[in-house]
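Single-structure report; data block below.
The values are calculated or read from the model by the stated rules, or taken from the named source; none is laboratory data. As the structure is a computational prediction, the values presented were derived from the model and not from experiment. Note that we place each Cβ from the backbone using ideal geometry, even for glycine, and neighbour counts take in every protein chain shown.
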Amino acid sequence: MSKLTITTPGRTRPRRLRQTPAIRDLVAETRIAPAQFIVPRFVLPADNGEEPIPSLPGLAQLGIENLLRVVEDELALGIRAVLLFGHPESGAKKTSDGALAYDANGAVQRATKRLKQTFGDDLIVMTDVCLCAYTDHGHCGLIEQGRVANDVSLEPLVRTALSHAAAGADVVAPSDMMDGRIGAMRDALDAQGFTETILLAYAVKYASAYYGPFRDAADSAPAEGDRKSYQMDPRNALEALRESELDELEGADMLMVKPALAYLDVIHAVRATTTLPLSAYNVSGEYAAVKAAAANGWLDEAQVVRENLYAISRAGADQIITYHAADAIRGGWL
Ligand code: PBG
Ligand code: ZN
């Protein structure tokens, strides 16, 4: 065997900073605190009840009293923000105008009231503002001549936001993707005296197949067609900057990119162009994919969730909306 000449590294050795867990923690560039998590919750129009969601293992639709208990447990973990999604009253018929979305006695409105009465300012109650769970056609806006029409959709959406604010929501989060809804909501909220209600705009929301499990849970899949005429085309990133700039100009207090994992570049780009707080939504399909692989023994759930959540944070998200939050904190995964 001929003699090998090995060149050893120079003075700089990046591995010095990776030697022990303590050193790695000391120099970690990204950290996630429980206060950054926002947990989505599905509210049933009932005081009691718990219906597991098959496509979202570990999650259930909750009656309001059950919701209070779960929220209390999660507050103890340091999770201080929930994002509520609702269902029409059982027996109530969905209509083409989605009027059930702004029923003052609806599940989201009632749950918001109870949560704020019970937990006060310890809990941040956020509500998803949309029509799709309340329209008989399952679209996020109203239909005219076979299309989802923009301007006529603003009124029911604004009414929905107002009904959530009146119930005491700290944050209303419109997810419909109609143009101009942020400005319309800000004006109406201010005119009705809700000047302190925070607007979290789903500013950059893609037409994504990753919403599948959610639509089962929310019973909000479109009866016909898809959402591509109002949600964004996954091929576009510059458009994300336009959408977020518009929502900022219209008065959004916080912006969101959704989904998160397939759009880390978009999170990074939006973070670089706005000074507003930026949330990222780690959506149902991203959660379900990890859970399914983990259940098969194909992925290590704890490590994959850790890696995913830090990826979202590293990309530039200030808040992370995720179904994994409680598991990650309880399990010490972060
Ligand atoms: C309703 C809405 C959706 C999600 C949040 N709000 C579904 C959709 O737009 O079809 C998706 C959330 C998730 O997948 O976790 N507009
Ligand atoms: Zn919708």
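Observations on the model:
- Residues within the range 241-256 that are surrounded by fewer than 19 Cβ atoms within 10 Å (Cβ to Cβ) and either part of a helix (DSSP H, G or I) or of a type outside the set (Gly, Ala, Ser) (or both), tallied: 6
- Residue, farthest from the chain's Cα centre (by Cα), within the range 166-184, restricted to residues that are more than 13 Å from ligand 1 (Cβ to nearest atom) and of a type in the set (D, E, K, R): Asp179
- The set of residues in the range 160-189 being over 12 Å from Asp247 (Cα atoms) and away from ligand 2 (no atom under 15 Å from the Cβ) consists of Leu162, Ser163, Ala165, Ala166, Ala167, Gly168, Ala169, Asp170, Val171, Asp187, Ala188, Leu189.
- Set Ala280, Ala269: member being farther than 13 Å from Ile38 by Cβ and either away from ligand 2 (no atom under 16 Å from the Cβ) or surrounded by fewer than 24 Cβ atoms within 10 Å (Cβ to Cβ) (or both): Ala269
- If you go through the range 185-240 and keep only what is in a loop (DSSP other than H, G, I, E, B), at pLDDT below 95 and under 19 Å from the mean Cα position of the chain (by Cα), you end up with Asp219, Ser220, Ala221.
- Going through (1) within 24 Å of Leu309 (Cα to Cα); (2) surrounded by fewer than 17 Cβ atoms within 10 Å (Cβ to Cβ) one by one, Ile32 falls short only on (2).
- Within the range 222-238, the set of residues being surrounded by 15 or more Cβ atoms within 10 Å (Cβ to Cβ) and within 13 Å of ligand 2 (Cβ to nearest atom) comprises Pro222, Arg227, Tyr230, Gln231.
- The residue pairs whose first member lies in the range 118-133 and is within 18 Å of Val70 (Cβ to Cβ) and among the acidic types (Asp, Glu), whose second member is within 16 Å of ligand 1 (Cβ to nearest atom) and in a loop (DSSP other than H, G, I, E, B), and whose beta carbons are closer than 7 Å, counting only pairs six or more residues apart or on different chains, are Asp128/Ser175.
- Selection within the range 97-108 - surrounded by fewer than 18 Cβ atoms within 10 Å (Cβ to Cβ) and either in contact with a strand residue (DSSP E or B) (Cβ under 7 Å, 6 or more places away or on another chain) or part of a helix (DSSP H, G or I) (or both): Asp97, Ala99
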